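Some notes on the structure that comes next.
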Amino acid sequence: MTHAPGPPGPPGKRAAVLGSPIRHSLSPVLHAAAYDALGLDWIYDAHEVAEDGLAAFLARLGGDLPGDWCGLSLTMPLKRAAIPLCADLDEVATVTNAANTLTFSGGAVHGANTDVPGMVNALAAAGVTEVGTATVLGGGATAAAAVAALAQICTGPAEVFVRTPERAAELRPVAEHYGLELRVRAWGDAGRSGGALAAPLVIATTPKGTTDHLAAAVPAAPGVLFDVLYDPWPTPLAAAWTGAVLGGLDLLVHQAVLQVELMTRQNVDRPAVVTAMLAAGLAELGRR
């Protein structure tokens, strides 16, 4: 389902980010900055919700949705747990089997995935609109988003480095749907000379610490690194990278501005809102 932006929402609406752990989420800071830039008197907070608690949380919102609620942002481990709870999904959420955004209308829950267009937009903002090949480090929901994003900008094959074949099996349907040639490689090969890190674009989607050992394998003239982590920052891999680097804050901001559009049903001034979010995010990370 496509959620077309419409008239601005009324003041006093609510939104939140759910996940576990959620304590260090930057989303409340980013969305508050967006609301301030848009002149909206909205509330956005964070709730600790485990995978088995998502259905109960939605039930507690009541049967009169949307009511005061305009939407929810989802982080791990809820992006896939949300799929069966949605009345409908946008194409990206359907293909990647991951929804990071829930909106409400008529008592129904609608799922969307802004990670993919957010990743594409973040890369475009850094001047990366086309690459011949690319590398994805890791599997999971964020890797699936990376594969879907690469299908829009990668003209040749993409290589994914995973620990188990099962992880790659989750990515293949995404690549096939979008027509991207995906080559699966063993995780142990990621640090080899001329391998994973030699691609013009490397997207690291793994948890904290997983790619630290690859810092010693960064080539002399690397391309672009997009490391989706933001805390701590820079990661050892990002610190060792001498080419262009995008971080998790870039992804968070560019996917969040799309969430704001879905939840407020406004066509916002994206550059202005992105600028406000980036400034707020950097300030918050500086305080931590």
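The values are calculated or read from the model by the stated rules, or taken from the named source; none is laboratory data. The model shown is predicted, which means the values in this text are computed figures rather than measured ones. FYI the Cβ positions are ideal-geometry reconstructions off the backbone, even for glycines, and counts take in every protein chain you see. All accessible areas refer to the heavy atoms of the entire protein, side chains included, with ligands and DNA or RNA removed. Shrake-Rupley method; radii C 1.70, N 1.55, O 1.52, S 1.80 Å.
Name the single residue that is most open to solvent (accessible area, probe 1.4 Å) among those in segment 63-88 being in a loop (DSSP other than H, G, I, E, B) and under 12 Å from Val109 (Cα atoms). Once the filter is applied, the top-ranked residue is Asp64. Here Pro222 meets each of (1) out of contact with any helix residue (DSSP H, G or I) (no Cβ under 9 Å at 6 or more places or on another chain); (2) of a type outside the set (S, T, N, Q); (3) modelled with pLDDT of 95 or more with one exception, condition (1). Only a single criterion out of (1) at pLDDT below 95; (2) open to solvent by 70 Å² or more (accessible area, probe 1.4 Å) is not satisfied by Lys13, namely (2). Please determine whether any residue of segment 149-170 is touching a Pro at 6+ places or on another chain (Cβ under 9 Å) and within 18 Å of Ala99 (Cα to Cα). Within segment 149-170, one or more residues are touching a Pro at 6+ places or on another chain (Cβ under 9 Å) and within 18 Å of Ala99 (Cα to Cα). The residues listed here are Ala239, Ala186, Ala220, Ala204; of these, the one that is open to solvent by less than 60 Å² (accessible area, probe 1.4 Å) and farther than 29 Å from Leu72 by Cβ is Ala186.
Listed by first and then second residue, the pairs with beta-carbon distance under 9 Å, at least 6 apart or on different chains, first residue in segment 61-75 and in contact (Cβ under 8 Å) with a residue 60 or more places away in the chain and more than 12 Å from Thr114 (Cβ to Cβ), second of a type in the set (Ser, Thr, Tyr) and crowded, with 19+ Cβ neighbours inside 10 Å, are Cys70/Thr103; Cys70/Thr264. When segment 123-136 is filtered for residues that are touching an Asp or Glu at 6+ places or on another chain (Cβ under 9 Å) and either assigned to a loop (DSSP other than H, G, I, E, B) or surrounded by 23 or more Cβ atoms within 10 Å (Cβ to Cβ) (or both), the ones remaining, listed by number, are Leu123, Ala126, Thr133, Ala134, Thr135, Val136. Hey, Pro271 hits all of (1) assigned to a helix (DSSP H, G or I); (2) closer than 26 Å to Asn113 by Cβ; (3) touching a residue at least 12 places away in the same chain (Cβ under 8 Å); (4) open to solvent by 30 Å² or more (accessible area, probe 1.4 Å) but one; which does it fall short on? Single failed check for Pro271: (3).
Of all the numbered requirements in (1) crowded, with 20+ Cβ neighbours inside 10 Å; (2) within 22 Å of Pro207 (Cβ to Cβ); (3) without any contact (Cβ under 8 Å) to a residue 60 or more places away in the chain, Val92 misses one, and that requirement is (2).
If you go through segment 75-92 one residue at a time, do you hit one that is farther than 29 Å from Asp64 by Cα, of a type outside the set (S, T, N, Q) and modelled with pLDDT of 95 or more? Checked segment 75-92: no residue is farther than 29 Å from Asp64 by Cα, of a type outside the set (S, T, N, Q) and modelled with pLDDT of 95 or more. Does segment 110-122 hold any residues that are of a type in the set (S, T, N, Q) and open to solvent by 40 Å² or more (accessible area, probe 1.4 Å), and which are they? Matches in segment 110-122: Asn121 only.
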